[in-house]
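Every number in this text was worked out from the coordinates using simple rules, so none of it is lab data. A quick note: this is a predicted structure, and the numbers were derived from the prediction, not measured. When we count neighbours, we look across all protein chains shown, and the Cβ atoms used for this are built from the backbone with ideal geometry, even at glycine.
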Amino acid sequence: YFDDRGIKLKPVKISKEKSWEFQNNLLLFFCGNLRNSSEIQKEQQSKTKQNSTNLRKISEIAIEADSLFKSGDLNGIGNLLNDTWDIKKRLSKQISNSKIDDAYEAALRAGALGGKLLGAGGGGFLLIYANPEYHQDISNELATLPRVQFRFEESGSTILSLSDDN
C-alpha cells in the first residue's frame, strides 16, 4: 500500500487451494516490444506528485484486494486488476500502446475479468485473469501473441542451468 512515507509491502496470505485456483485463472502472453523500462520508470517518478491521486487509488485497491483474497473472492481480484490497469495507464503514456490495448480489449470481450502488463510497461508480458471456461476463447483471440506457461513459486526466483554434461 502507499502512504505519506512511501510504498509498504505486505504479504498476501491465502490457502494453498486458493493460490492454486488463482493461478489456474491466470493466462500469460508475451507482447514482444522489449523496451528500456528505466525510461518509463523515470517518467513515472518525475510525475509522482501529479500522480499522487492515482497512486493512492492503487493503494486503496491493494488493501481491497487483500480483503478479497482473505474472503476467497478471486473474481473480485480479477475485477480489481481491470481497475488498476485503467489507473496505471494514466501514470505514463509509455505504459501501453495500441497493440497491448487491442489485445487487452480482445481478452475482455472473450471473457476476461481483468489483467495487467507486468513490469514498467511498453511491452513484455500481459497477465490476464479469467475463469478457465474462457481460457480457450481468450487464447484464440490473442493467437498472435505467444502464450507462456508458468507456475507460482513459493521460494522466489531460481536460476536453472542446463548443460550437455548430463
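Shown here are the Rg and Dmax of the Cα trace of segment 55-101, at 12.2, 36 Å. Modelled this way, with points 7 Å down the Cα-to-C-beta line, the labels at W20 and R109 are 3.6 nm from one another. Backbone amide hydrogens, once placed in the peptide plane, bring G72 within less than 5 Å of nothing, excluding anything fewer than 5 places away on its chain. Kindly identify segment 70-139 as rounded, prolate or oblate by the Cα gyration tensor criterion: order the square roots of the eigenvalues as a ≥ b ≥ c, call it rounded if a/c is under 1.5, otherwise compare a/b with b/c, prolate if a/b is larger, else oblate. The shape class here is oblate. Rounded to whole numbers, the Karplus 3J(HN,Hα) couplings from phi for segment 19-25 are 4, 4, 4, 4, 4, 6, 8 Hz, using 6.51 cos²θ - 1.76 cosθ + 1.60 with θ = phi - 60°, and x at Gly and Pro.
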